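Every read-out reported here was derived from the displayed coordinates using simple, explicitly stated rules and does not represent laboratory data. Because the structure is a prediction, the values reported are computed rather than measured. Methodologically, a virtual Cβ is constructed for each residue, glycine included, from the backbone with ideal geometry; neighbour enumeration extends over all protein chains shown.
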Amino acid sequence: MLTHSLGFPRMGLARELKTALEGFFAGTVTPHALQGLAAQLRLRHWTAQRDAGIDLVPVGDFSFYDHMLDTAALFGVVPGRYNHAGGPVELDLYCRMARGGQDARGDVTALEMTKWFDTNYHYLVPEFTPEQTFALTGDAILQQAAEARAAGFAAKAVLPGPATFLMLGSCAGQPFDRLALLPKLLPAYCDLLARLAATCPWIELDEPVLGQDLPTGLLLPFRRAYAALAEAAGPARLMLAAPFGSIAHNLAFTQGLPVAALHVDLVRDPTQLALAAKGLAPQTALSLGLVDGRNIWRVDAAAALARIELAASHLGPDRLMIAPSCSLLHCPVDLDAETGLDPEIRSWMAFAVQKCREVRLLADAAAPGGADRPEVAAALAENRAAWESRRKSPRLANPAVRGRVADISVDMFHRPAPYAVRAGQQRAALHLPLLPTTTIGSFPQTPEIRQTRRRFRQGQLDASAYEAFLKTSVADAIARQEALGLDVLVHGEPERNDMVEFFGEMLDGFCFTRNGWVQSYGTRCVKPPVIYGDVSRPGPMTVAMAVYAQSLTPKPVKGMLTGPSTILAWSFVRDDQPREVTRRQIALALRDEVADLEAAGIRAIQIDEPGLREGLPLRRRDWETALALAVDDFRLTAAVARAKTQIHTHMCYADFGDIVPAIAAMDADVISIEASRSRMEPLAAFARDGYPNEIGPGLYDIHSPRLPSVAEMADLLRRAAAVIDPSRLWANPDCGLKTRTWDEVTAALANLVQAARRVRAEL
Ligand code: GLN
Ligand code: ZN
């Protein structure tokens, strides 16, 4: 059984690529030095994978920014605004497409960025025109393949397949005929495959769209395309990979295709194994994605071996390959770098390097007589012991939490009064004008704030000095908001580095890695907390700070929490129980915080849920159930509040298409959303679906250093008031202000308050 990897983390163990790229963007690192580092990292990662026992190492998984952008560059898909005359996309143009640019050559926006399936990775959206043409204009992957070969590696070239590349692209935000582009794109792919075949024994095309609902019209073109691609690959063997989802509903796409291998994600859906196996052409191998490429837990070797046995009973052992479920891009590099973790919890984990070893172990153990080899037997015993220790660990189960979950009753999901009644009581309690103004939570994280937090974390500053500093910062934020004339204030979040980590650190059942970085987009990495056990709240988390902030002003100050779906979406979640069970526990812990905030006199509480959409399943028909569960957990968190306590929520995206009914079901009194860049367009969905509660569309694009004028924001508010009853409208920025400077924020918020006053006077 051949072992292979679908991709490895790109950044390097010490995030070397991030540092180099940032230096390159700032002009302190030369293109030559950047390329040199990239080559070093590739070599290091191939070596690590081979040493861990991977037979076919991936080539083409490395990227300076993103693999979809790489594919666009490879096939010459460059939007007109970059004034590209054709030919190869050089690094400079590549960076402009990734990040936009403002210089003598003009002012161009970047490609749009959005989530890669249900991961936390963001890809750049290829932009097509209806007349789009394609040609093989790039050679990065060819060069890397040559590099791997020269270094003596058996390589598998990997890149997004043509269906995924087209289905994930956009055409000026308009519907367009993707299928019509396929015949034009195919020759360019064939061209590439023919050339890759000279250096790579294997070529993998990733088609994660196979896990989604696909247009039936794609079926024949897809099958024809893959027949042509397999032929173009010639002597190289073509693998079709479907990570992240189940292909059980799309078997017609893969059945009998003349490819050398089909890769399926058995972590996501083990039940698709038999179905996928049955539909294979006789010469096609099945690649079993058995090691979770998206989480940090060890594989359960016994369970995985049982799956291999089942697959072998269908296909025989010679037609099987073993791999992680998806690219390891979505997990940290090496557990050996984690020296601060609790040893027991650490023994349950595996990062990218360890996952490659697990793949090897499974292949070795499944080979005839393999499990009897002493080193294999020892590794299997170690795996079993780790799982046993995990299953039996008293740190996992907290009977009190279990009991509380079991005792949840229906009334706990319902506020004490309907919105109409609550709204009246809240208006009276909070003394709000029409079009009340507020912000989303964070204020500028000045270098002083970041540095002080760092010093406190490193033990250079004691708790009381740190608390005094935070209080000064909160008092400053309150004074500034009062001076600006905002109606509902916030404390500014100076104590929070990250909206999930902050809560994770105060909840039981979480732990933190030192170096568990995962690429989010481009140079940005995140270090998700690890949820290993039942979640509970040892004590209040935000109450003291909220109470302090409220003591400084007669205006209402919002308590500020991160919601259960967001905490779940942005963490590595335990895999020994359904995700929903974990989220319910988080919801109960947050519910107690809501109750404590209210009891301490806080009159408005915001529960941020920017992560609500993220975990949604690949197939639309599964959305309803998934959303209903997520909504329930928000309600469980919030519904403990009295009628006159105003519950806010916040989501920073503009794509609300089908989810407005679910958002309405959350029954927050007020939601703030991102809307400035799309000029209030998302409000149409809220108006169409009769969203009943209050809504604050963002008027200020906080991602940009640009200062919006009073007239501009007043205009946006008027547009909003044309679709949403002004008695239910709020005025606020798109998101938190932590990345901006005080100068920018002060000027923008002054304009925002003016704009609200102006439009208020017109109503
Ligand atoms: N309250 C958070 C803040 O203002 C919300 C951040 C977010 O939505 N991403 O920073
Ligand atoms: Zn936001």
Mind counting the residues in region 628-651 that are within 17 Å of the chain's Cα centre (by Cα) and more than 28 Å from Ala429 (Cα to Cα)?
1
Does Ala48 qualify as being surrounded by fewer than 22 Cβ atoms within 10 Å (Cβ to Cβ), under 29 Å from Glu375 (Cβ atoms), of a type in the set (A, V, I, L, M, F, W, C) and touching a Cys at 6+ places or on another chain (Cβ under 7 Å)?
no
State yes or no: is Ala378 without any contact (Cβ under 8 Å) to a residue 60 or more places away in the chain and either touching a strand residue (DSSP E or B) at 6+ places or on another chain (Cβ under 8 Å) or surrounded by fewer than 15 Cβ atoms within 10 Å (Cβ to Cβ) (or both)?
yes
I need the full set of residues from region 724-763 which are within 18 Å of Met651 (Cβ to Cβ), more than 15 Å from ligand 1 (Cβ to nearest atom) and aliphatic (A, V, I, L, M), in order please.
Ile724, Leu729, Ala731
Within region 430-438, is even one residue under 19 Å from Met560 (Cα atoms) and within 16 Å of ligand 1 (Cβ to nearest atom)?
yes
What pairs can you find where one residue is in region 491-504 and surrounded by fewer than 21 Cβ atoms within 10 Å (Cβ to Cβ), the other is outside any loop (DSSP other than H, G, I, E, B) and small (Gly, Ala, Ser), and their Cβ atoms are less than 9 Å apart, with a gap of 6+ or different chains?
Glu495/Ser473; Asp498/Gly504
Considering only region 142-162, state which residues are surrounded by 21 or more Cβ atoms within 10 Å (Cβ to Cβ) and either assigned to a strand (DSSP E or B) or without any contact (Cβ under 8 Å) to a residue 40 or more places away in the chain (or both).
Ala155, Lys156, Ala157, Val158, Leu159, Pro160
If I ask for residues that are away from ligand 2 (no atom under 16 Å from the Cβ) and either of a type in the set (A, V, I, L, M) or farther than 23 Å from Thr582 by Cα (or both), which ones from region 489-513 would you list?
Leu489, His491, Pro494, Glu495, Met506, Leu507
Failed condition for Ala301, given (1) buried (at least 22 other Cβ atoms within 10 Å of the Cβ); (2) under 25 Å from the mean Cα position of the chain (by Cα), with all others met?
(2)
What's the total number of residues in region 573-613 that are within 24 Å of Lys527 (Cβ to Cβ) and either within 16 Å of ligand 2 (Cβ to nearest atom) or not in a helix (DSSP H, G or I) (or both)?
12
When you scan region 708-753, how many residues do you find that are in a loop (DSSP other than H, G, I, E, B), of a type in the set (A, V, I, L, M, F, W, C) and away from ligand 2 (no atom under 16 Å from the Cβ)?
1
Exactly one of these conditions fails for Ser565: (1) more than 16 Å from ligand 2 (Cβ to nearest atom); (2) touching a Gly at 6+ places or on another chain (Cβ under 6 Å). Give me its number.
(1)
Tally the residues that are among the aliphatic types (A, V, I, L, M), closer than 30 Å to Gly211 by Cα, in contact (Cβ under 8 Å) with a residue 40 or more places away in the chain and outside any loop (DSSP other than H, G, I, E, B), restricting the search to region 80-117.
2
Met68: farther than 28 Å from Ala197 by Cα and not in a loop (DSSP other than H, G, I, E, B), yes or no?
no
Just to be sure, is Leu328 surrounded by 20 or more Cβ atoms within 10 Å (Cβ to Cβ), more than 26 Å from Thr582 (Cα to Cα) and out of contact with any strand residue (DSSP E or B) (no Cβ under 7 Å at 6 or more places or on another chain)?
no
Meets criteria (more than 25 Å from the chain's Cα centre (by Cα), crowded, with 24+ Cβ neighbours inside 10 Å and assigned to a helix (DSSP H, G or I)) for Phe253:
no
List every residue pair whose Cβ atoms sit under 6 Å apart, with the two residues 6 or more apart in sequence or on different chains, where the first one lies in region 163-178 and is surrounded by 12 or more Cβ atoms within 10 Å (Cβ to Cβ) and the second, anywhere, is among the aromatic types (Phe, Trp, Tyr).
Ala163/Phe222; Gly169/Phe128; Cys171/Phe128
How about region 669-685: which of its residues are closer than 23 Å to Gln425 by Cβ and either away from ligand 1 (no atom under 14 Å from the Cβ) or surrounded by fewer than 18 Cβ atoms within 10 Å (Cβ to Cβ) (or both)?
Asp669
How many residues, within region 624-666, are in contact (Cβ under 8 Å) with a residue 60 or more places away in the chain, within 16 Å of ligand 2 (Cβ to nearest atom) and crowded, with 24+ Cβ neighbours inside 10 Å?
4
Can you name the condition, by its number, that Glu344 falls short on among (1) among the acidic types (Asp, Glu); (2) in contact with a Gly (Cβ under 8 Å, 6 or more places away or on another chain); (3) touching a residue at least 40 places away in the same chain (Cβ under 8 Å)?
(2)
Out of (1) more than 15 Å from ligand 1 (Cβ to nearest atom); (2) among the hydroxyl-bearing types (Ser, Thr, Tyr); (3) part of a loop (DSSP other than H, G, I, E, B), the one Tyr653 does not meet is (1)
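Yes or no, residue by residue, for (1) polar (S, T, N, Q); (2) in contact with a Gly (Cβ under 8 Å, 6 or more places away or on another chain); (3) more than 16 Å from ligand 2 (Cβ to nearest atom); (4) in contact (Cβ under 8 Å) with a residue 24 or more places away in the chain:
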residue: Ala406; (1), (2), (3), (4): no, no, yes, no
residue: Gln458; (1), (2), (3), (4): yes, no, yes, no
residue: Asp462; (1), (2), (3), (4): no, no, yes, no
residue: Leu484; (1), (2), (3), (4): no, no, yes, yes
Subset of region 439-462, residues away from ligand 1 (no atom under 16 Å from the Cβ) and aliphatic (A, V, I, L, M), comes to Leu461
Is it the case that Ile531 is more than 27 Å from Met349 (Cα to Cα), away from ligand 2 (no atom under 16 Å from the Cβ), outside any loop (DSSP other than H, G, I, E, B) and touching a residue at least 12 places away in the same chain (Cβ under 8 Å)?
no
